[in-house]
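These notes are about the structure you will find just below.
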Amino acid sequence: MIGVFALVVPVLAAALAVRALPEDDTAVRGWLDEHLAGLVETYRHLHAHPELSLAEHETAAAVATQLRASGYAVTEGVGGTGVVGILANGDGPTVLVRGDMDALPVVEETGLPYASTVRVATPAGGTVGVMHACGHDVHTTVLLGTGAALSALRARWAGTVVLVAQPAEEIGRGALGMIADGLFERFPRPDATLALHVSPELPVGRIGYTSGFHAANVDSVDIIVHGRGGHGARPHQAIDPIVAAAEIVTVLQTLVSRRVSPTDPAVVTVGSFHGGTKHNVIPDTVTMQLTVRSYSDEVRALLLDGIRQIAVDTCRAYRCPVPPTVTVSDEYTPAAYNDPALTASAVSVFSGIFGAEAMVELQPGMTGEDYGRYARVLDVPGFMFRLGSVPRAVYDASRAPDGPPLPSIHSSQFAPDDAGSLRVGVRAMSNLALALLAPPESR
């Protein structure tokens, strides 16, 4: 990344170095002491009333109402159900803080008194449960808490805060939709972007971070192998697409092991393989669905080109009557990158607040996160940190020999420590934002 990115990072890093002030954290903690109970109530309401991607209507309305009450200029319906809140407070940097709002099609099994009982209709005529199994209810509540704290503490900073309540992260379309709807033309253009995500592996009180790439390019690829059906007892009279497709699955693994440099992370997984209807019938087609993960644009192109080439050449070798149909979804999620200078400075701020022992450096992951689009499009530094959310007793039990495993995100049993997660999340994000925003001259 070049241009604005190269100019902004040193300025922001210098600001962070001088603005990690103890009195800021004292002010944030004082605000939290007064308002944490209300944040927990908000969180539990959101948790009990989850909404699927692109259907976050009630959640968005609640966010808009609370942001207006905190003094923000609010615009609803950005990129669908997205909400943008702006708080201008004199001359200074512009900082964007993002929280995502959507839930997952999961039946909740936590047993919590505020557990979701929401079910929605499916196109097939049935119903599916809906649950905040990825912590977006925490993210949204932290966004609201941070926004309210910054509004109450306006005497301590100058600049502009842009709060983004984003829809549809789970399907990778929320950030893209908001950007396409003029997020960076209709509203103040940020100098830096911030976000957090709950961690199902860290206890409350710990903060995880990764410098550099922390989430991957995520592509979905569909392959249809065309054969010629026939009787299973007479395979010589057919062209078996199952055999050709099985060979494709095997050869695809050589993309990572033999074409991508060993130092470049890459994943090609065939997650779905469907063909045939009966023991003794050779089908006409086989359909496969792949997920493809990478960090760099170059490795992404190598993998996608390689998938097409392997599919086409394998089908030719197996005498398939027509080439395979290879479709790459145009709704991919680009890799998310934590600017190293901003990351180092943020870790310094957090260490000063929570202690160095609270900081946990994490390995890069290959999951997807569309938050990365913001910094990528803007060409400015971005930073997402991981918020420990596991109740301490649950975490300690999991560390014991033969202890129960921790529920992962997207699990029907995922249950963050609400009060603990919210206190640390709002405290961390608010102090980081204060560190990025220029102080008023009178300070």
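The values are calculated or read from the model by the stated rules, or taken from the named source; none is laboratory data. The structure presented is a predicted model; accordingly, all values stated were derived computationally and were not measured. Note that we place each Cβ from the backbone using ideal geometry, even for glycine, and neighbour counts take in every protein chain shown.
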Scanning region 122-138 for residues that are aliphatic (A, V, I, L, M) and farther than 11 Å from Leu52 by Cα gives Ala124, Ala133, Val138
Considering only residues that are of a type outside the set (A, V, I, L, M, F, W, C) and surrounded by 14 or more Cβ atoms within 10 Å (Cβ to Cβ), look in region 393-409 and name the one that is nearest to Ala165 (Cα to Cα). Pro407
Restricting to region 159-184, count the residues that are surrounded by fewer than 19 Cβ atoms within 10 Å (Cβ to Cβ) and closer than 14 Å to Thr94 by Cβ. 1
Could you please find all residues in region 400-428 being without any contact (Cβ under 8 Å) to a residue 12 or more places away in the chain and either outside the structural domain of Ser351 (by TED's automatic domain parsing) or more than 23 Å from Leu112 (Cβ to Cβ) (or both)? Ala400, Pro401, Asp402
If Phe383 meets every condition in (1) free of Cβ contacts under 8 Å to residues at least 40 places away in the same chain; (2) within 18 Å of the chain's Cα centre (by Cα) apart from one, which number is that one? (1)
Among the residues listed as Asp137, Asp91, the single one being in contact (Cβ under 8 Å) with a residue 60 or more places away in the chain, charged (D, E, K, R) and touching a helix residue (DSSP H, G or I) at 6+ places or on another chain (Cβ under 6 Å): Asp137
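Return the only residue of Ala415, Ala346 being assigned to a loop (DSSP other than H, G, I, E, B), of a type in the set (A, V, I, L, M) and on the phi < 0 side of the Ramachandran plot.
Criteria check complete, one pass: Ala415.
Condition (residue is over 30 Å from Tyr318 (Cβ atoms) and either surrounded by fewer than 20 Cβ atoms within 10 Å (Cβ to Cβ) or at pLDDT below 95 (or both)) applied to region 131-143: is it met by at least one residue? Give the derivation first.
Filtering region 131-143 for residues over 30 Å from Tyr318 (Cβ atoms) gives 131-143.
When the remaining residues are screened for being either surrounded by fewer than 20 Cβ atoms within 10 Å (Cβ to Cβ) or at pLDDT below 95 (or both), the result is none.
No, because not a single residue in region 131-143 is over 30 Å from Tyr318 (Cβ atoms) and either surrounded by fewer than 20 Cβ atoms within 10 Å (Cβ to Cβ) or at pLDDT below 95 (or both).
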Somewhere in region 250-263, is a residue more than 23 Å from Asp379 (Cβ to Cβ) and touching a residue at least 60 places away in the same chain (Cβ under 8 Å)? yes
